[in-house]
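These notes are about the structure you will find just below.
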Amino acid sequence: MYCELLNVYNLDAILNEIFPNNTLTKEESDLLISKLQESRLKKGEFLLKADDAVNHLFYVHIGCLRSYIIGLDGKEHTLQFAVKDWWISDYIALYGKEKINAVSYIECIKDATLYSVSKSDFDALCRDVPKVAHFNTKKMELAFASFQNRILENLTLSAKQRYINFITAYPTIANDVKNYHIASYLGITTESLSRIRKDIATT
């Protein structure tokens, strides 16, 4: 993974993207920039692997990443896809009650540019810059609602409807990921996914 400090020419654009419609002061903007670091991943590279130490949150500027775990049966179970404007990390390790290392893998499945901030720095930013704290609260609310909605869908919806909801939520992902990535996210086999796609195509 290639990392570098933010280039001065990217500052305004990146801040406006991460914090849209922001009203940050020059001092607040400079403080935020000082804590961000750019990193680049090629397809197939890993941002994190199980048992790695986890200290950062990652914002996706370009590309696509996939978070997954490996079950006792050796099968992969996709937890999350992260595309432009999404944040990703191993949240169990980062926010869990007990300090543990990563339980998941985060793989780059389309060349990506990320901006990261350490959890300790982000905690300090939330304390010292109320606008960042408000931004974080809203993002966490949306993330919590999204994860809960996914649990409800898995409990109540058919595999076909879950797939329809998936391609609605991630309209550009289907061309970037392998069939088994989507199947593992939906909790079905690749064969079932193929049947669902054929059924949709003929209706």
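Here are the numbers:
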item: Angle in degrees between helix 190-201 and the longest Cα principal axis of the chain, rounded to the nearest 10; result: 80 degrees
item: Trypsin sites (Lys or Arg not before Pro) lying in DSSP loop within region 85-116, provided at most 15 other Cβ fall within 10 Å; result: Lys97, Lys99
item: Charge sum, other residues only, whose C-beta stays under 15 Å from Ile70's C-beta, Lys/Arg counted +1 and Asp/Glu -1; result: -3
item: Net charge of neighbours whose Cβ lies under 13 Å from the Cβ of Ile196, counting Lys and Arg as +1 and Asp and Glu as -1; result: +3
item: Most fluctuating residue given options Ile109, Ile62, Ile151, as computed from a GNM of the chain linking Cα atoms under 10 Å; result: Ile151
item: Coil-residue GluC sites (Glu not before Pro) of region 36-122, DSSP, other Cβ within 10 Å capped at 16; result: Glu45, Glu98
item: Choice from Ala93, Ala13, Ala133 showing the highest fluctuation, given a GNM over the chain with Cα pairs closer than 10 Å; result: Ala13
item: Above-threshold pairs, the threshold being 26 Å between Cα atoms, out of Lys42/Lys97; Lys42/Lys119; Lys75/Lys178; Lys26/Lys99; Lys42/Lys131; result: Lys42/Lys97; Lys26/Lys99; Lys42/Lys131
item: Tilt relative to the chain, helix 130-156 - C-alpha long axis, 0 to 90 degrees, to 10; result: 10 degrees
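Values quoted throughout were computed directly from the atomic coordinates according to the rules given, and no laboratory measurement underlies them. As the structure is a prediction and not an experimental result, all values here were calculated from the model. Note: ideal-geometry Cβ built from the backbone for every residue, glycine included; neighbour counts use all protein chains shown.
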